[in-house]
Amino acid sequence: MSPPADDAVRAPARGTAAGATVDDASASDATAATAPESSLAARGKSDVDALRDVIDALVRQRMRDGDANARDEPVRHAFWETQPVGQFSDDTSDGAMREGAISDARDASEVSPVGGTLPPGYEWCSCDMTDVKTQEEVYELLTNNYVEDDDAMFRFQYSQEFLKWALRPPGYHEDWHVGVRLKVTQTLVAFITGVPATLRVNGAPISLTEINFLCIHKKLRSKRIAPTLIKEITRRVNARDVWQAVYTAGVVLPKPISKARYWHRSLDIRKLVDIGFTRLGRTQTMAQTIQMYKLDAKPKTEGLRHMTAEDVPRVTKLLSAYLAKFAVAPEMNEADVAHWLLPREDVVFSYVVENEATKEITDFISFYNLPSQIIHGNTKHKTLKAAYAYYNVATSVSLLDLMQDALILAKTNDFDVFNALNLMENDSFLQPLKFGIGDGNLHYYLYNWRVLEDLPPSEIALVLT
């Protein structure tokens, strides 16, 4: 059974990184995209039911086709057209261009040791994410200024434990956690990060940085700091002899290598309706909708249990074999798997299926916790608890059955909604498990690396936290 025809979802767009925050007209921090129903229709007023049906039909068509979505249409970007990234004007036919690095690597010693010029009264810093005070400063900046939906209803709420997980993987560099402070008060007012990774792109392994968390205080967004932040993180990364990067954005910049879409599966439908994240179908009651989204009390897959440190070698082997199927995927060793995938309380949830007879790890489930503040004040609830699909591998059962268990596990851990991108093989379970399609796309970008042909999301196996 599919979700209600006029079910709509509102949520900040995930994965906003370097490119997502540069608008060449204002260089302001671009915020997320959400379902565009009018607030009157969303309240379900009976005198506009007919009009709402028309609007809903148009919205669903736009979400599926994407052609009418203005955010998905390329426009001129003065900053990005000067950077070593794919351009919309590139002629990749008949061998006119080669796949790979766009600009040749230089000697790292040639990189300027001095940061770029900031407006008067501001200075660069590196954010030590092992320091409790700095963690609190970053948390406060993101909590009050990071991505929110267009209607100012929800804003991402990264916990300090989440930030330590996301920003301190094996081999991380403190100087890639770039901040801008007011000189007088030392208040942190802007932030951008990079973490080291190895990404395989069409068979070529690339040592690069994953760019994320570009955030500028709302009062500073007229000062055109965003391009300066991007140039500064680029300088610091180049100084360590790294010349490529990967990032995602909700907006279209020069030039995406792929485009994915978020899907949302309701777990606590009563709460989601109350906070305005979704709404009931016009002809459905709350009781009917609760019944439709009802899940079993316990997972069905035999041998399913929490992942432990002893599982790391076997999970690494299983995950590596799975990721090898895709055109774009991370290469993770055992240290990476231990960091990113071992369970962390209220951050990442990971489970394995172990064959009782052979002791082989045959299947793997993971999702992470990224809640949003409810900032509109029209509800008693303060937080939307959202699970995000991470890496999932099914070999002894179908991916559909495995993800059914993932939903049950998320429900038992008190999540309100389960979100997933249509990456990898996820399309196989989204509609059967009653996920509803979100509005807006998540675009994948490579810095200083050209991919000759656009890739479908089914060829992308990278999930940026």
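Please specify each residue of the stretch 360-398 satisfying the condition of being assigned to a loop (DSSP other than H, G, I, E, B) and more than 27 Å from Phe326 (Cα to Cα).
Just the residues of the stretch 360-398 that are assigned to a loop (DSSP other than H, G, I, E, B), to begin with: 360, 370-371, 375-382, 385, 390-392, 394-398.
Passing the criteria: Pro371, Ile375, His376, Gly377, Asn378, Thr379, Lys380, His381, Lys382, Lys385.
From Ser222, Ser159, Ser207, which residue is touching a strand residue (DSSP E or B) at 6+ places or on another chain (Cβ under 9 Å) and open to solvent by 60 Å² or more (accessible area, probe 1.4 Å)?
Testing whether each residue is touching a strand residue (DSSP E or B) at 6+ places or on another chain (Cβ under 9 Å) and open to solvent by 60 Å² or more (accessible area, probe 1.4 Å) leaves just Ser207.
If the requirement is being loosely packed, with under 14 Cβ neighbours inside 10 Å, assigned to a loop (DSSP other than H, G, I, E, B) and among the acidic types (Asp, Glu), which of these qualifies: Asp104, Asp94, Asp90?
From the options Asp104, Asp94, Asp90, the qualifying one is Asp104.
Across the stretch 408-425, which residue is farthest from Arg270 (Cα to Cα) among those that are open to solvent by 10 Å² or more (accessible area, probe 1.4 Å) and part of a helix (DSSP H, G or I)?
Leu409
Give the residues of the stretch 426-450 that are open to solvent by 10 Å² or more (accessible area, probe 1.4 Å), of a type in the set (Phe, Trp, Tyr) and assigned to a loop (DSSP other than H, G, I, E, B), sorted by residue number.
Once the filter is applied, which keeps residues that are open to solvent by 10 Å² or more (accessible area, probe 1.4 Å), of a type in the set (Phe, Trp, Tyr) and assigned to a loop (DSSP other than H, G, I, E, B), the stretch 426-450 yields only Trp449.
Exactly one condition in (1) modelled with pLDDT of 90 or more; (2) open to solvent by less than 20 Å² (accessible area, probe 1.4 Å) is not met by Gly171; state its number.
So the condition that Gly171 fails would be (2).
Does Leu214 satisfy being surrounded by fewer than 24 Cβ atoms within 10 Å (Cβ to Cβ) and assigned to a strand (DSSP E or B)?
No, not satisfied.
Quick check on the stretch 231-251: of everything there that is in a helix (DSSP H, G or I) and over 14 Å from Leu446 (Cα atoms), which residue is most open to solvent (accessible area, probe 1.4 Å)?
Here the residue is Lys231.
Can you tell me which residue among Val273, Val251, Val242, Val246 is under 26 Å from the mean Cα position of the chain (by Cα) and free of Cβ contacts under 8 Å to residues at least 24 places away in the same chain?
Val273
What do you reckon, is Ile374 touching a His at 6+ places or on another chain (Cβ under 6 Å), surrounded by 21 or more Cβ atoms within 10 Å (Cβ to Cβ) and either over 26 Å from Ala245 (Cβ atoms) or modelled with pLDDT of 95 or more (or both)?
yes
Could you please let me know if Tyr158 is of a type outside the set (Gly, Ala, Ser), part of a loop (DSSP other than H, G, I, E, B), at negative phi and within 18 Å of the chain's Cα centre (by Cα)? Break it down stepwise before answering.
Working: of a type outside the set (Gly, Ala, Ser): yes; part of a loop (DSSP other than H, G, I, E, B): yes; at negative phi: yes; within 18 Å of the chain's Cα centre (by Cα): yes.
Yes, satisfied.
Only residues in the stretch 160-176 that are farther than 13 Å from Thr209 by Cα count as the first member; pair them with residues that are in a helix (DSSP H, G or I) and open to solvent by less than 10 Å² (accessible area, probe 1.4 Å), Cβ under 9 angstrom, at least 6 apart or cross-chain, and list the lot.
Listed pairs, sorted by first residue: Gln160/Val138; Leu163/Val138; Leu163/Leu142.
The values are calculated or read from the model by the stated rules, or taken from the named source; none is laboratory data. All values reported here derive from a predicted model rather than from experimental measurement. Because the Cβ atoms are built from the backbone with ideal geometry, glycine has one as well, and the counts that use them run over all protein chains shown. Ligands, DNA and RNA are stripped out before the accessible areas are found, and what is left, the full protein with its side chains, is counted by its heavy atoms. Shrake-Rupley method; radii C 1.70, N 1.55, O 1.52, S 1.80 Å.
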